[in-house]
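**Student:** Please read through the structure below; I'll follow up with questions.
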Amino acid sequence: MAAVHKIIKSFLIILSLATAMATSAQNKLFITVGDRTLSATMADNEAARRLVQLLSVEPITINLSDYGGFEKVGALPQSLPASDTYITTVPGDIMLYQGRNMVIFYGSNSWSYTPLGRIDGVTASSLKEFLGNGNVEVTLSLSSVSGIGEVKADNGKNVIIYDLKGNRLNEVTKTGIYIVNGKKVFIEK
């Protein structure tokens, strides 16, 4: 009987670790401005869970405007459940204001908000630089976005192609891996 209890206890420990790891993976929000992305740790409340549900369908892009010299604020596509409490914010805090407005603080303020999360590892100055001056378009997602919209060939450069045997080629005739200008590249024909 003691062996059965040990097995059950081990199973419960493994299950709780797996649950914690899964929760941690779903607990990240990525905020992209242009080609730069910051991560944030989500709060543990209904508003943050509802935001994660929205983002699991597709990323959300919102426009944020400066307000009061300490925050950027913008409307979410729909209201989230608010559980406001009086809070003094610090740079990096992400809050829900009046149920539908997302606020990112690069300064401090005291008011009633619902926490949504906190941007990881930023200072007030680095966050202000990331968000820029005036209005800014931010994309919220559950995975990091590269910011690469389109790849264009550098037509002003001679292209030197080798196959993996070291033979120089004038052109690529079939799908495979080649060395193009000193870099390994997969080319599909």
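**Student:** If I stretch the segment between Asn170 and Trp111 completely, what's the gain in nm (0.36 nm per residue apart, minus their alpha carbon distance), one decimal?
**Tutor:** 14.5 nm
**Student:** Leaving out ligands, DNA and RNA, what percent of the accessible area of the stretch 62-132 is carbon and sulfur, probe 1.4 Å?
**Tutor:** Ligands and nucleic acids excluded, carbon and sulfur give 54 percent.
**Student:** What distance in nm separates the two pseudo spin-label positions at Ala124 and Val159, each 7 Å out from Cα along the beta-carbon direction?
**Tutor:** So the two model labels end up 5.2 nm from each other.
**Student:** In whole Hz, what ³J(HN,Hα) sequence does the stretch 111-122 give by Karplus (6.51, -1.76, 1.60; θ = phi - 60°), x for Gly and Pro?
**Tutor:** Along the stretch 111-122, the couplings run 6, 8, 9, 10, x, 10, x, 9, 5, 6, x, 10 Hz.
The values are calculated or read from the model by the stated rules, or taken from the named source; none is laboratory data. Note that the coordinates shown come from a computational prediction; the quantities given were computed from them, not determined experimentally. With ideal geometry, Cβ positions are generated from the backbone for all residues, glycine too; neighbour counts draw on all protein chains shown. Keep in mind that these areas ignore ligands, DNA and RNA; they rest on the heavy atoms of the full protein, side chains included. Shrake-Rupley method; radii C 1.70, N 1.55, O 1.52, S 1.80 Å.
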